[in-house]
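The structure's right below; bear with me while I get my questions together.
The values are calculated or read from the model by the stated rules, or taken from the named source; none is laboratory data. All values derive from a computational prediction rather than experimental measurement. Here the Cβ is made from the backbone with ideal geometry for all residues, glycine too, and neighbour counts use every protein chain on show. The accessibility values were calculated without ligands, DNA or RNA, using every heavy atom of the protein model including side chains. Shrake-Rupley method; radii C 1.70, N 1.55, O 1.52, S 1.80 Å.
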Amino acid sequence: MSHPDYRLNLRPLGTPRGASSLAGPCGVGASPGDKKSKSKTIRGKKKSIFETYLSKEDVSEGLKRGTLIQGVLRINPKKFHEAFIPSPDGDRDIFIDGVVARNRALNGDLVVVNLLPEEQWKVIKPESNDKETEGAYESDLPEELCGSHLLQQSLKGYNDSPDVIIEAQFDDSDSEDGHGNTQNALVDGVKKLSVCVHEKGKEDAGAPVTKDENTFMSQDTRALPEKSLQRSAKVVYILEKKHSRAATGFLKLLADKNSELFRKYALFSPSDHRVPRVYVPLKDCPQDFVTRPKDYANTLFICRIVDWREDSNFALGQLAKSLGQAGEIEPETEGILTEYGVDFSDFSSEVLECLPQGLPWTIPPEEFSKRRDLRKDCVFTIDPSTARDLDDALSCKPIADGNFEVGVHIADVSYFVPEGSSLDKVAAERATSVYLVQKVVPMLPRLLCEELCSLNPMTDKLTFSVIWTLTPKGKILSEWFGQTVIRSCTKLSYEHAQSMIEGPTRKIPEKELPPVSPEHTSEEVHRAVLNLHGIAKELRKQRFVDGALRLDQLKLAFTLDHETGLPQGCHIYEYRDSNKSCGRKMLGAPCWPVRELTREEDLCSPVGAGPLAGPDESSGTHLPTPQYWPARLPFRMPGPISDGS
């Protein structure tokens, strides 16, 4: 069953998504596959669709003179014909309209733009107060589905319709493959949502097509207030290609079976509509793809863009690999990681050889003479019950004058990562661990995170520590920081700590708690948790008195099937007092070393600064390798903003 009236895409095949089929330099609507009529030549050359980039010299000179502006390109994922870069003066963002104006730049790229004449600036309705005006008054239908801004007047009243999510992928399955099955399925989905585009839009179908009056100037700009205009620009140079140039998507044959392109290329259609369609060589495709294209209709592929010429509507690329069936967790996850440039490959043997090979590893005797020995102190970890990399620990010891000696101890990763080593370089490239719902992509090898540096109970571990002398009200009397050796006495979960906080006088049965080392008792740990909680409450209260802003946000937690990895349910993660007690100490720990270093060394921040020269490191006055301390915590000075802890 065919539904021709539901086809909102008036763009001729081959037009870049987001480019008008009736406007743009050199006939943007021309299909690259029709050489006779749509790829006309000028003196033997194809017409250019995109402008040639300026030279480096001209860009440098323009940026110095202020005639050019640079910024990170952001493409609206829902209306991908719209893109923006920040304004250098902090005013409203600069608007970039369409694929042609983006000039082959992709989302996240650092670009240089040239402002358009004022008569081509975007007009903003007075009632729109959104900074970027990304949909305050325009239809949410992607430009791909309506050719340009051309049909938006006929779709008034449907701006908030949920069909935009479905129809955002409508054009990827259109007549390129000569079949309408997917199209019909999408139309059926739209009908189920009771979106009557057919009935409301049909009456305007024959009306003359005009440029959307809301998008660009249709009147004298001198008659409009300055706030009604949004500066618009075009990209003239890409300073840095931040986008990975990788995308996940689907393969299909070209529509024109008689063209020369059909015998050489297949068409790759990215799932992310901010990425252009790509010609990929047939030799990269599965051997039977040409004869059995429908077998791969639901197969997810990864493609890497290798070129995008000025005279081509589509980019050129190479098919990297087949991921599997779309909709399955592992193929989709791998696709996401690849698109965002996350290195999830196994660590090489060269990297792993940087770590101690003989296990179990023990601390060399000479290391004890360089560090403060805290192995007899009551130190413990508090982490999620499923945590395997215990990278921080706490201690709270009462002293005779009624005050407390509070310690935060961070695993000394730097000891195992020599500067300039293969492991150091890989860690620098990965920059951080990436946490997904069902898995973690580690920055460092698991042997390091879960064995050598994990502060497992009743095991000697190398750490960096910050130790404060605090009053019960949280006033800091003194502080010390430096290299240490600790031995955690127990591994508490947030649930264990919360039960201690909620039952301050209750004796918790040993069967409800994890094992505690013989040198300490569960009562001693219980008292330490209560003391930490009391001090944390006072510190939190003082932060809000000083003007801190609470920024609590809901966090969604999932329960997964252990065998399939599929989500079984979800719930709102409850942020409890035990989280706040630990979080306050963890966030505060880096501040004192930073303050000391900035005072003594006149440094803005020690992150990545490398080893620091100074007096005896064991004295605790300097951090020898601050780029790995602490490995996963924010390095920032105290400020007026709070995360709710």
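Conditions first: (1) buried (at least 21 other Cβ atoms within 10 Å of the Cβ); (2) of a type in the set (A, V, I, L, M, F, W, C); (3) more than 27 Å from GLY108 (Cα to Cα). ALA427 passes all but one, so which condition is the exception?
Condition not satisfied by ALA427: (3).
Of all residues in region 44-68, which are buried (at least 20 other Cβ atoms within 10 Å of the Cβ) and modelled with pLDDT of 95 or more? So that I can check it myself, show each step before the final result.
Within region 44-68, the subset buried (at least 20 other Cβ atoms within 10 Å of the Cβ) is 49-50, 68.
Listed by number, the residues that qualify are PHE50, LEU68.
Which of the residues that make up region 52-69 are under 19 Å from GLU240 (Cβ atoms), outside any helix (DSSP H, G or I) and of a type outside the set (S, T, N, Q)?
Within region 52-69, TYR53, LEU54, LEU68, ILE69 qualify.
Take VAL379 and tell me if it is among the hydrophobic types (A, V, I, L, M, F, W, C) and modelled with pLDDT of 95 or more. Spell out the reasoning first.
On the way: among the hydrophobic types (A, V, I, L, M, F, W, C): yes; modelled with pLDDT of 95 or more: yes.
Considered against the rule, which asks whether it is among the hydrophobic types (A, V, I, L, M, F, W, C) and modelled with pLDDT of 95 or more, VAL379 comes out as yes.
For region 408-417, state whether one or more residues are part of a loop (DSSP other than H, G, I, E, B) and loosely packed, with under 13 Cβ neighbours inside 10 Å. Lay out the reasoning, then the answer.
Going through region 408-417, the residues part of a loop (DSSP other than H, G, I, E, B) turn out to be 412, 417.
Narrowing further to those that are loosely packed, with under 13 Cβ neighbours inside 10 Å: none.
No - not one qualifying residue is present in region 408-417.
If you check every pair at least six apart or on different chains, which have Cβ atoms under 9 Å apart with a residue in region 97-113 that is under 18 Å from SER60 (Cβ atoms) first and a residue that is small (Gly, Ala, Ser) and surrounded by fewer than 24 Cβ atoms within 10 Å (Cβ to Cβ) second?
From residues that are under 18 Å from SER60 (Cβ atoms), the pairs are LEU110/GLY71; VAL111/GLY71; VAL112/GLY62; VAL112/GLY71; VAL113/GLY71; VAL113/ALA101.
When you look at SER395, is it open to solvent by less than 40 Å² (accessible area, probe 1.4 Å), in a helix (DSSP H, G or I) and not basic (Lys, Arg), yes or no? Quick ask: steps written out before the conclusion?
Numbers: open to solvent by less than 40 Å² (accessible area, probe 1.4 Å): yes; in a helix (DSSP H, G or I): no; not basic (Lys, Arg): yes.
When the stated conditions are applied, SER395 does not pass them.
Out of (1) in contact with a strand residue (DSSP E or B) (Cβ under 7 Å, 6 or more places away or on another chain); (2) of a type in the set (A, V, I, L, M); (3) assigned to a loop (DSSP other than H, G, I, E, B); (4) open to solvent by less than 30 Å² (accessible area, probe 1.4 Å), what's the single condition that is false for ILE508?
Status for ILE508: all satisfied but (1).
Next up: Pull out all pairs, ordered by first then second residue, where Cβ-Cβ is under 6 Å, the residues are six or more apart or on different chains, the first lies in region 328-354 and is under 18 Å from VAL440 (Cβ atoms), and the second is part of a helix (DSSP H, G or I).
Note: pairs meeting the criteria are ASP343/ARG430; PHE344/LEU337; VAL351/SER422; VAL351/LEU423; VAL351/VAL426.
Additional query: What strands (runs of 3 or more DSSP E) lie completely within region 229-315 and have 2 or more residues being in contact (Cβ under 8 Å) with a residue 12 or more places away in the chain and under 25 Å from the mean Cα position of the chain (by Cα)? Break it down stepwise before answering.
Values: elements: 233-240, 246-252, 265-270, 278-281, 299-307.
Because the criterion is at least 2 residues that are in contact (Cβ under 8 Å) with a residue 12 or more places away in the chain and under 25 Å from the mean Cα position of the chain (by Cα), the strands (runs of 3 or more DSSP E) in region 229-315 that meet it are 233-240, 246-252, 265-270, 299-307.
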